[in-house]
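Quick notes on the structure that follows.
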Amino acid sequence: MASDWIAQFPGLSRLESADREVLTRKSAVVAVPEGTVIFGPGKSPENLLLLLEGRVRVQQVSEAGREIVLYRVEAGQSCVLTTACLLAHEDYSAEGIAETDIRAVAIPRTVFDELVSLSIAFRNFIFTAYSRRITDLFQVIEDIAFQRVDIRLAQKLLELAREADQVRATHQQLSVELGTAREVISRQLGEFQRRGWIGQSRGVVDLIDRAGLEKLAAFDPH
């Protein structure tokens, strides 16, 4: 059934039947191929996307041209930046890129406005997701401002590798992930390699000593 996607978002199960009917009838499931720029600076959001499958990377580019990854949207989540823009009736200030093929529910702006205004359950769903992601963004700011790059890089390599022992990313891509200069990443990866924690080839970082990286990633300099 078209409404089966509701089950992927527990907060929506509390919707009144009439509100759920409006949501499922007026929304659409869309497919977007990997690499698509879903939104970008200066563009106005027309839909709130609830991700069913895949992953979206949200990143920002400074006036100097430096990029930083703000967060990723995974299956079962929505994009906090889109939510903020819809609520404030403002344009995007960052870009969202499909890191994989994705499937998502597109909730039109008019339906979003209607349900936020009329449905307590929908409003709670939106603001609960919003508050969680805002907390994550504050953590990103704190990490960039105060945490050592070597610790953050170890954490990022483990995060990107997931259960594998390899990360396919260039030094430039890793610098974007951490919001720092490519030269800083290259120097730090060289140190990790010297310690025997990783191996490097073009566009690939092999995790040789995961335990060493995990120990650094868990280190509290305070």
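Taking only Cα atoms, what is the 0 to 90° angle, nearest 10, from helix 149-161's long axis to the longest principal axis of the chain?
Long axis of 149-161 versus the principal axis of the chain: about 60 degrees.
Could you state the angle between the C-alpha long axis of helix 109-118 and the longest principal axis of the C-alpha atoms of the chain, as a value from 0 to 90 degrees rounded to the nearest 10?
So the helix axis and the longest Cα principal axis differ by about 70 degrees.
Take Val29 and Ile134, extend 7 Å from each Cα along the Cα→Cβ direction, and tell me the distance between the two endpoints in nm.
It works out to 3.3 nm between the two label points.
From the helices alone, meaning DSSP H stretches of at least four residues, give me the mean residue ellipticity at 222 nm for the chain, per-run term -39500 (n - 2.57), in deg cm²/dmol to the nearest 500.
Values: 8 runs with 98 residues, N = 222.
Counting only the DSSP helices, I get -14000 deg cm²/dmol.
In whole Hz, with x marking every Gly and Pro, tabulate ³J(HN,Hα) for region 204-209 from phi via Karplus 6.51 cos²θ - 1.76 cosθ + 1.60, θ = phi - 60°.
9, 10, 9, 8, 8, 10
Using the Karplus curve 6.51 cos²θ - 1.76 cosθ + 1.60 with θ = phi - 60°, work out ³J(HN,Hα) for each residue of region 187-202 in order, rounded to whole Hz, and write x for Gly and Pro.
Karplus values, whole Hz, x for Gly and Pro: 5, 6, 5, x, 5, 4, 5, 4, 7, x, 7, 9, x, 10, 9, 4.
Taking amide H atoms as placed 1.01 Å from N in the peptide plane, list the residues 5 or more away in sequence, or in a different chain, whose amide H sits under 5 Å from that of Leu70.
For Leu70, whose amide H was placed from the backbone, the distant partners under 5 Å are Val58, Gln59, Gln60.
Could you give the length gained on full extension between Val204 and Glu74, defined as 0.36 nm per residue of separation minus the Cα-Cα distance, in nm?
Values: separation 130, 0.36 × 130 = 46.80 nm, distance 2.34 nm.
Gain in length upon complete extension: 44.5 nm.
Need one number: convex hull volume per residue for region 1-97, Cα atoms only, in Å³. List each step's numbers first, then the result.
On the way: hull volume 10.4 nm³, N = 97.
With only Cα atoms used, region 1-97 gives 107 Å³ per residue.
For the chain, what value does the Rg/Rh ratio take when both radii are computed over Cα atoms and Rh is the Kirkwood radius, given to two decimals? Numbers along the way, then the final one.
Numbers: Rg = 19.6 Å, Rh = 19.1 Å.
With Rg and the Kirkwood Rh in hand, the quotient comes to 1.03.
What percent does the relative contact order of the chain come to when contacts are Cα pairs within less than 8 Å and at least six residues apart? Walk me through the intermediate numbers first.
Working: 349 pairs, mean separation 46.2, N = 222.
After rounding, I find 21 percent.
Using each residue's phi in region 71-82, evaluate 6.51 cos²θ - 1.76 cosθ + 1.60 at θ = phi - 60° and report the 3J(HN,Hα) Karplus result to the nearest Hz, with x for Gly and Pro.
5, 10, 9, 10, 4, x, 10, 10, 9, 5, 5, 4
Can you give the local net charge around Leu189? Use residues other than it whose beta-carbon is closer than 15 angstrom to its beta-carbon, Lys and Arg +1, Asp and Glu -1. Write down the numbers at each step before the final one.
Numbers: positive: Arg148, Arg152, Lys156, Arg168, Arg182, Arg187, Arg194, Arg195, Arg202; negative: Asp150, Glu177, Glu183, Glu191, Asp206, Asp209.
Neighbourhood net charge equals +3.
Once the Cα atoms of helix 120-146 and of the chain are each reduced to a long axis, what angle between those two axes, in degrees from 0 to 90 to the nearest 10, is obtained?
Orientation of helix 120-146: about 20 degrees from the principal axis.
Rule-based calculations on the coordinates, nothing more; no lab input. Keep in mind that this is a model prediction, so the values were computed, not measured. Neighbour counts run over all protein chains shown; Cβ positions are idealised from the backbone, glycine included.
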